[in-house]
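Just below is one structure, and these are the notes that go with it.
The values are calculated or read from the model by the stated rules, or taken from the named source; none is laboratory data. Computed from a prediction, not measured in an experiment: that's the story for all the values here. Neighbour counts run over all protein chains shown; Cβ positions are idealised from the backbone, glycine included. Calculation scope for accessible area: heavy atoms of the full protein, side chains included, ligands and nucleic acids excluded. Shrake-Rupley method; radii C 1.70, N 1.55, O 1.52, S 1.80 Å.
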Amino acid sequence: MKAERSMQKALEIAEEFSRRFGMRGDVIAVRAPGRVNLIGEHTDYNDGFVLPVGLAHSVYVAGRAARGGASRFYSMNFDAEYAFDIRTPYEPGEPGWGTYIEGVARVLEKQLGRLPAVEAVVWGDVPLGSGLSSSAALEVAAGHFMLEAAGVRMPLPDLARACQAAENEYVGVQCGIMDQFASCLADAGFAVFLDCRSLEFEYVPVPLEDHTLIVLNTNVPRKLAGSAYNERRRSCEEGVRILQKSLPDIKALRDVTPVQFDAFQDHLPGETAARCRHIVGENQRVLDSVNALRIGDLAAFGKLMNASHASLRRDYEVTCRELDILHDAAVDMPGVAGERMTGAGFGGCAVALVERSHADRVEADLRDIYLRETGIALDVYRTAAMPGVRRVDL
Ligand code: ADP
Ligand code: MG
């Protein structure tokens, strides 16, 4: 059913490609998912653990290798075309949607040597700028498509790193590796348990059976997010510096156990202690979540989601009124195993684990409450854990 839907979408985009660029030879189509992080928030830049799943919402690229030097991409979402030639030097400008694609092309070209020019159509239903990583889905879909067009194989962790490098170097966003990694390596029915220090990963079952994942989009722009993000990073670094006086072997908060933290947290200024408490606790909650999911204990996992939200609200202070309204409403509803903000915070999305038989009512009630209390319409997406980037057979 789900596979049929992505096949149908890919066919529509391939048809758009043929209309725009003319019918010549075979069309290559690729799908890459957005992602939602189930637990492990702000742990990535502390060398810690994350647990994302791939979404049904995805970015598709359909096209083929082209003659000549210039590559052309048409985005159906923006109804705009973007052209570039990787054989000529890069001309930096204000980054736009084409920059993600050109960045990936240039990073891959540097690593692999000559890539053929391509022409392609892009379409996606990952909401833009809501923290579900439409940017990584675009990079990964475009990157995988360009590799397929070149007839080159690359291990998916390497493609993830190339896409991250493109976003860092060309778009100028200092993102971690989680988003691109999840879009590349997600798997149906599994979460990706990723160690952000070593990049080692394991698949952990997400045995939804009579449950479903519901993503709640606050539709609140993530104002403040940039400066607060940098402040949080500085607090974590300060915490490490102070704790190193007592624990000389630690390199990051990832190395501090909850027991060690309890013993030495008095050495930290109040706000720094709160920030570090979240990170130390959150890493432990990811490990506990992995154990709970492995034995199919969704009730225990839901409680960990709730504890994560509480910690992000009280200690890390990256929630906002709208995210807290959703959380407080959801946790009291029958059928909700757990609910938490996901992504960097200050708006964006939350994720809930809900019993399937209650999902319609939970969704309707949350829409009502959210609209009444905030005046904003809530967007809701149901998803299972979906596979990572793939060529779609047409
Ligand atoms: P997020 O990754 O949380 O969705 P970002 O700001 O990192 O938010 O990335 C959003 C940007 O990614 C968009 O502004 C656009 O430039 C690009 N993008 C995502 N999806 C598409 C698409 N289908 N077509 C063109 N550009 C896209
Ligand atoms: Mg992004």
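The overall shape of the range 159-232, judged from the alpha-carbon gyration tensor, is oblate: a/c is not under 1.5, and a/b is no greater than b/c. Other residues with beta-carbon under 14 Å from the beta-carbon of GLY68 carry, at +1 per Lys or Arg and -1 per Asp or Glu, a net charge of +4. Backbone geometry of the range 47-52 corresponds, through the Karplus equation with coefficients 6.51, -1.76 and 1.60 at θ = phi - 60°, to 3J(HN,Hα) couplings of 6, x, 10, 9, 9, x Hz, x marking Gly and Pro. Shown is the FRET efficiency for ARG294 and VAL173, computed with R0 = 30 Å from the Cβ-Cβ distance and rounded to the nearest 0.05: 0.35. Here the contact order of the chain, divided by its residue count and restricted to Cα pairs under 8 Å and six or more residues apart, works out to 24 percent.
Shown is the FRET efficiency for SER246 and ASP79, computed with R0 = 41 Å from the Cβ-Cβ distance and rounded to the nearest 0.05: 0.10. Treating each Cα of the chain as an identical point scatterer and summing with the Debye formula, the log10 of I(q)/I(0) at q = 0.06, 0.11, 0.13 Å⁻¹ comes to -0.24, -0.80, -1.07. Per-residue ellipticity at 222 nm, computed for the chain from helices alone with -39500 (n - 2.57) per DSSP H run of at least four residues, works out to -14000 deg cm²/dmol. If I fit a long axis through the Cα atoms of helix 321-331 and take the longest principal axis of the Cα atoms of the chain, what angle between them do I get, 0 to 90°, rounded to 10? The angle comes out near 70 degrees. Here the spin labels are modelled as points 7 Å beyond Cα on the Cα-Cβ line, and at ARG382 and ARG361 they lie 1.5 nm apart.
List every residue whose amide H lies under 5 Å from the amide H of TYR90, counting only residues 5 or more places away in sequence or on a different chain, with H placed 1.01 Å from N in the peptide plane. Those qualifying (amide H under 5 Å, at least 5 residues apart or on another chain) number zero. Note on HIS358: accessible area is roughly 50 Å² with a 1.4 Å probe, heavy atoms of protein only. Annotation: amide H-H contacts under 5 Å for ALA66 (H modelled 1.01 Å from N, sequence separation of 5 or more, or interchain): ALA117, VAL118, GLU119. Just to confirm my numbers, what's the Cα centroid distance between the range 6-47 and the range 312-380 in Å? Between the Cα centres of the range 6-47 and the range 312-380 lies a distance of 27 Å. Can you list the aspartates and glutamates whose alpha carbon is less than 14 Å from that of LYS110, not counting same-chain residues fewer than 8 positions off? Within reach: ASP85, GLU102, ASP158, GLU169. Annotation: amide H-H contacts under 5 Å for GLY124 (H modelled 1.01 Å from N, sequence separation of 5 or more, or interchain): TYR60, ASN77. Once the Cα atoms are used to define both axes, helix 97-112 deviates from the longest principal axis of the chain by about 80 degrees.
To the nearest ten degrees, helix 156-166 and the longest principal axis of the Cα atoms of the chain are 90 degrees apart. Per residue, the accessible area of the range 78-201 comes to 40 Å² when a 1.4 Å probe rolls over the protein heavy atoms.
Along its first, second and third principal axes, ordered by size, the range 206-365 spans 53, 38, 20 Å in Cα coordinates. With θ taken as phi - 60° and the Karplus curve 6.51 cos²θ - 1.76 cosθ + 1.60 applied, the whole-hertz 3J(HN,Hα) list for the range 264-275 is 10, 5, 5, 6, 9, x, x, 5, 4, 4, 5, 4 Hz, x standing for glycine and proline. Expressed as a whole percent, the accessible surface of the range 5-149 that belongs to carbon and sulfur atoms is 49, based on a 1.4 Å probe.
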